[in-house]
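K.L.:
I'd like to ask you about the structure that follows.
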Amino acid sequence: MLVYTFLKKTAFFRKYKRQREIVIEKEQDCPGEQEEYGIWDVLGFYDWKNKTVYICEPKICKISREISEKIKKSKNETYFRVRELVRLHEYAHAFIHRSRFPMTKRNMDEWYKRLGLDIEEPLAELITILSLNHVEDENEREKYEEVFYKIDERAPRYYQRWKELNGKIEDIRKEFRAKFGENSKYTENIFLLTLVISSVKRDTPKDFEDLLKSFEERMRREREELICEIVAAVV
């Protein structure tokens with residue numbers, strides 16, 4: 001459900017609509033352990049060369065049991081939510097890789113290959129949490145968020161820097177709502193995803209600190225121009 005909604009919403013992006021069908025999904029056990037890769041990418045991973053999302057069922061089952069005991073929810077319900085969140089996280093990696101924008105004309109494979117994990121993983125987490133806002137049933141959304149934060153607690157610190165990036169876009173969020181109204185909250189998240197990822201693809205920051213700095217500078221320099229450009233890309 002989450003991934004279907006995510007793909008449906010990201011169909012707004014020019015060119016990605018045609019490309020998204022080539023991302024395929026498979027199940028298998030995953031290499032490595034949490035200490036080596038980080039919790040999200042122990043539960044699943046994205047193979048950018050083959051454009052394939054892998055879901056690691058044995059580890060998902062294990063962590064689902066642990067989380068269900070902590071949050072006092074049924075194992076089956078928790079398993080379903082963990083699995084959907086893992087799928088969404090890995091499709092977020094595919095989206096970072098495959099999405100294109102008018103202002104980012106470059107070889108996406110070469111660009112993605114050079115992208116550091118300290119930038120990519122917080123971006124994937126940010127995409128995941130913003131995508132949860134598209135779950136219209138508030139009760140369902142809160143249940144997904146509860147599981148997301150339990151998994152996120154186990155993630156390395158650099159994964160969790162999505163919170164810093166989310167803080168940077170808060171004023172843009174307010175400006176967008178002022179411009180388009182409170183009922184624009186679903187479109188708003190598509191806008192914010194476009195804003196962040198297009199900035200990364202255009203400026204190619206060398207690390208996460210550089211991403212925050214270049215993002216702030218760009219907001220100061222080209223705020224109105226960028227808002228118009230991004231709105232044109234998603235409408």
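K.L.:
Is at least one residue of the stretch 56-67 over 30 Å from Ser198 (Cα atoms), touching a helix residue (DSSP H, G or I) at 6+ places or on another chain (Cβ under 7 Å) and of a type in the set (D, E, K, R)?
P.N.:
The answer is yes; a qualifying residue exists.
K.L.:
Turning to a different aspect of this structure: Could you list all residues from the stretch 93-120 that are surrounded by 14 or more Cβ atoms within 10 Å (Cβ to Cβ), assigned to a helix (DSSP H, G or I) and modelled with pLDDT of 85 or more? So that I can check it myself, show each step before the final result.
P.N.:
Let us first name the residues in the stretch 93-120 that are surrounded by 14 or more Cβ atoms within 10 Å (Cβ to Cβ), namely 93-101, 104, 108, 111-112, 115-120.
Filter once more, so that each one left must be assigned to a helix (DSSP H, G or I): 93-98, 108, 111-112, 117-120.
Selection gives His93, Ala94, Phe95, Ile96, His97, Tyr112, Leu117, Asp118, Ile119, Glu120.
K.L.:
Given the criterion at pLDDT 90 or above and either surrounded by 15 or more Cβ atoms within 10 Å (Cβ to Cβ) or hydrophobic (A, V, I, L, M, F, W, C) (or both), identify the matching residue among Glu69, Glu142, Glu90. Let's see the steps before the verdict.
P.N.:
Numbers: Glu69 fails: either surrounded by 15 or more Cβ atoms within 10 Å (Cβ to Cβ) or hydrophobic (A, V, I, L, M, F, W, C) (or both); Glu142 fails: either surrounded by 15 or more Cβ atoms within 10 Å (Cβ to Cβ) or hydrophobic (A, V, I, L, M, F, W, C) (or both).
Within the list Glu69, Glu142, Glu90, the selection yields Glu90.
K.L.:
Has the stretch 103-114 got any residue that is out of contact with any helix residue (DSSP H, G or I) (no Cβ under 9 Å at 6 or more places or on another chain) and under 20 Å from Gly38 (Cβ atoms)? Don't jump to the end; show me each part of the working.
P.N.:
Here is the first cut: in the stretch 103-114, the residues out of contact with any helix residue (DSSP H, G or I) (no Cβ under 9 Å at 6 or more places or on another chain) are 105, 107, 110, 113-114.
Going one step further and asking which of them are under 20 Å from Gly38 (Cβ atoms), we end up with 113-114.
Looking for residues that are out of contact with any helix residue (DSSP H, G or I) (no Cβ under 9 Å at 6 or more places or on another chain) and under 20 Å from Gly38 (Cβ atoms), one finds at least one in the stretch 103-114, hence yes.
K.L.:
Scan (1) modelled with pLDDT under 75; (2) outside any helix (DSSP H, G or I) for the single condition Cys228 breaks and write down its number.
P.N.:
(2)
K.L.:
Can you tell me which residue in the stretch 19-42 is modelled with the highest pLDDT, limited to those that are surrounded by 14 or more Cβ atoms within 10 Å (Cβ to Cβ) and farther than 12 Å from Arg154 by Cα?
P.N.:
Here is the first cut: in the stretch 19-42, the residues surrounded by 14 or more Cβ atoms within 10 Å (Cβ to Cβ) are 19-20, 23, 25, 30, 34, 37-42.
Of the ones still in play, those that are also farther than 12 Å from Arg154 by Cα are 19-20, 23, 25, 30.
Numbers: Gln19: 45, Arg20: 45, Val23: 60, Glu25: 68, Cys30: 64.
Only one residue fits best here, namely Glu25.
K.L.:
So, of the residues in the stretch 154-177 that are modelled with pLDDT under 75 and either of a type outside the set (D, E, K, R) or not in a helix (DSSP H, G or I) (or both), which turns out to be surrounded by the most Cβ atoms within 10 Å (Cβ to Cβ)?
P.N.:
Across the stretch 154-177, the extreme among qualifying residues is Phe176.
K.L.:
Are there any pairs with C-beta distances below 6 angstrom linking a residue in the stretch 66-80 that is closer than 12 Å to Val147 by Cβ to a residue that is surrounded by 12 or more Cβ atoms within 10 Å (Cβ to Cβ) and of a type in the set (A, V, I, L, M, F, W, C), with the two at least 6 apart or on different chains, and if so which?
P.N.:
Correct list of pairs: Thr78/Ile67.
The values are calculated or read from the model by the stated rules, or taken from the named source; none is laboratory data. The structure presented is a predicted model; accordingly, all values stated were derived computationally and were not measured. In this analysis, Cβ positions are derived from the backbone assuming ideal geometry, glycine residues included, and neighbour counts consider all displayed protein chains.
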